[in-house]
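The values are calculated or read from the model by the stated rules, or taken from the named source; none is laboratory data. Source: prediction; values computed, not measured. Don't worry about glycine lacking a Cβ; one is built from the backbone with ideal geometry, like all the others, and counts go over all protein chains shown. Only protein heavy atoms, including side chains, enter the accessible area calculation; ligands, DNA and RNA are left aside. Shrake-Rupley method; radii C 1.70, N 1.55, O 1.52, S 1.80 Å.
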Amino acid sequence: MNVFRLCGDLSHLFAILILLLKIWKTRSCSGISAKSQILFAIVFITRYLDLFTSFISVYNSVMKMFFIASSIATVFFMLVKFRPTYQREQDTFRIEILLLPTAVLALLINSQFTVFEVLWTFSIYLEAVAILPQLFMLQNTGEAETITAHYLFALGSYRALYLVNWVFRYYMEDFFDPYAVVAGIIQTVLYADFFYIYVTRVVREGGKLELPI
């Protein structure tokens, strides 16, 4: 644990709390991609199966349980409790083109061919692209509520901070995980255009985030 990883974890935690608060307070999941949330749920479930087989620390276990529970809750809110507010017609990205390649890639490229390691690697690859349905939905609608923009910015910041964490660990601990680093770079790049628009249009001007189509 170091300050960059801690800040990354807190940014990730903050992003999820923003999303849940937005859905619960407005009683609406408008502007949110259920497909992205389903992918994130798959990411957390496949990554944290070791929760039942190994113990690292109380912090680690609590965070794992939170991410699994919150992702399942978000999907439940979107597809069950507040289903009438879900903009299905705008959420049109085909997630099978993300699931199948990342699953095959995890089977072919991993550090150890065991069930837990392959699932962990799959979760890393899938997380790198899980935000694509949400970004695609934003392009379809042309705008995002400010609270949704804050959620996406916090989510992107989490991965950017993790990249700094990996650089820090490489120099301070001689630790390097090529799979996580490459996937993290890809994920951060996907957010790059959104970061620019967020800073220039939401932070400076306020109001909704309007995207060029």
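Here ALA192 meets the list (1) open to solvent by less than 20 Å² (accessible area, probe 1.4 Å); (2) free of Cβ contacts under 8 Å to residues at least 12 places away in the same chain; (3) not charged (D, E, K, R) almost entirely, failing just condition (1). When the criteria are applied in full, ALA73 meets the requirement of being among the small types (Gly, Ala, Ser) and open to solvent by 20 Å² or more (accessible area, probe 1.4 Å). Restrict the check to the stretch 4-13 and report whether at least one residue is more than 14 Å from the chain's Cα centre (by Cα), closer than 22 Å to LEU135 by Cβ and not polar (S, T, N, Q). Checked the stretch 4-13: no residue is more than 14 Å from the chain's Cα centre (by Cα), closer than 22 Å to LEU135 by Cβ and not polar (S, T, N, Q). Take the conditions (1) open to solvent by less than 30 Å² (accessible area, probe 1.4 Å); (2) in contact (Cβ under 8 Å) with a residue 60 or more places away in the chain; (3) assigned to a helix (DSSP H, G or I); PHE14 misses just one of them, which is (1). Taken across the stretch 154-162, residues that are without any contact (Cβ under 8 Å) to a residue 24 or more places away in the chain, under 27 Å from ARG88 (Cβ atoms) and not small (Gly, Ala, Ser) do not occur at all.
On the stretch given as the stretch 17-50, residues that are open to solvent by less than 10 Å² (accessible area, probe 1.4 Å) and not in a helix (DSSP H, G or I) total 3. Summed over the stretch 58-70, the residues that are open to solvent by less than 40 Å² (accessible area, probe 1.4 Å) and farther than 18 Å from PHE122 by Cβ give a count of 4. The residues of the stretch 87-142 that are open to solvent by 30 Å² or more (accessible area, probe 1.4 Å), aliphatic (A, V, I, L, M) and free of Cβ contacts under 8 Å to residues at least 24 places away in the same chain, listed by number, are ILE97, LEU100, ALA103, VAL104, LEU105, LEU107, LEU108, VAL115. The condition of being at pLDDT below 85 and either touching a Gly at 6+ places or on another chain (Cβ under 6 Å) or farther than 22 Å from TYR86 by Cβ (or both) holds for only one of GLN139, GLN187, that being GLN187.
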